[in-house]
1. Choose one answer from A48, A90, A237: the residue with the largest mean-square fluctuation in a GNM of the chain with alpha-carbon springs under 10 Å.
2. In debye to the nearest 20, how big a dipole does region 16-164 give about its Cα centre with +1 on each Lys and Arg Cβ and -1 on each Asp and Glu Cβ?
3. Tell me the volume per residue, in Å³, of the convex hull enclosing the alpha carbons of region 23-152.
4. Between L247, L191, L126, find the one with the highest GNM mean-square fluctuation for the chain; connect C-alpha pairs within less than 10 Å.
5. Given labels modelled 7 Å from the Cα in the Cβ direction, how far is it in nm from W207 to A221?
6. Using only Cα atoms, find the angle between the long axis of helix 226-258 and the longest principal axis of the chain, and express it within 0 to 90 degrees, rounded to the nearest 10.
7. Near Q99, within a Cβ-to-Cβ distance under 13 Å, what is the net charge of the other residues, with Lys and Arg +1 and Asp and Glu -1?
8. Go ahead and run the numbers for FRET between L142 and I199, Cβ-Cβ distance against an R0 of 41 Å, rounding to 0.05.
Amino acid sequence: MLTTLLCGAVVFPGLFFSFRKGLRDTFTHWSEADVVCVSERLVSAIHAFLATAAGVTVVASCNDVITDSHWLVNWFVLFGAPYMAFDIFAMYLSHYHTQRVRGHSSSLSGHSLQTVKAFLSKDWMLVLHHLVLLLIFMPITLFFRRGLGDFFIGCLFTTEFSTPFVSVGKILIQLGLDDTRLHRINGVIILWSFFTCRILLFPFMYWMYGRQFGVPLHRVAFHLPLHCNVGNLAILAPQVYWFILLLRKAKRLYLRQSRGGGGRNRAEDGLRLKIGQSH
């Protein structure tokens, strides 16, 4: 257990600082904000790919949605826990350097309680999401579920499937390719993958439970303990919120392009949203 935790604590920060150095040396014209932001997104994409692969492996191996188990569940929860903690720090760095580029006085004076408060005010939902995974989801998975429900944990791992496409969208913006067909296609994939793997996933899990126990889909919620329904609702609610934000940004981007408005607004336009994602 400790070895797996330490492995994650080495891998994800190591990847971040390696990407940061490589990007700084390769794209010498980039600001530190660009370098840090893209480094964060690359690490997020790698974590999401690993989470999705682990989730698909677990789901495919479980015939009984309640009792079947797979060693990858506990292993990946431990391996991914350091990523959740480190990503909060990486998001703060990205916010800090972005504010410095924009000339905000609180950031120009260096790291301070004020810059931390500004970051938490801006990205409070993502920070809360990461903390919930660390402080609630991880203990429940490791110690309180009595080895049951690996199938559903595997399904939740696959919610990260959309994250690499979000990261690609951000990187395309940094490369100045946000007005290209590639960026538009990637935006469509973001919407499709997010809706499929973060929203439709929940009816799918209920349907799989109902199929095994002969319960109609519309009655499954009444056959589950209250805490299971509340937990699923708590996970689903922010996904719906983020999907609405994605739809709004997609609409804004479409309207801008249909009006022939040139120029890029990196802060407001484009299909980019830090979930991770989803994180």
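The values are calculated or read from the model by the stated rules, or taken from the named source; none is laboratory data. Owing to the predicted nature of the structure, the values given are computational and were not obtained by experimental measurement. For neighbour counting, all protein chains shown are included, and Cβ atoms are generated from backbone atoms with ideal geometry for every residue, glycine included. These accessible areas exclude ligands, DNA and RNA; they are computed on the full protein's heavy atoms, side chains included. Shrake-Rupley method; radii C 1.70, N 1.55, O 1.52, S 1.80 Å.
1. Comparing A48, A90, A237 in a Gaussian network model of the chain, the most mobile one is A237.
2. Around 480 debye, computed over region 16-164.
3. 114 Å³
4. Most flexible of the set in this elastic network: L247.
5. 1.7 nm
6. Here the helix axis deviates by roughly 30 degrees.
7. Values: positive: R100, R102, K117, K122; negative: E32, D123.
Around Q99, the charge tally is +2.
8. 0.95
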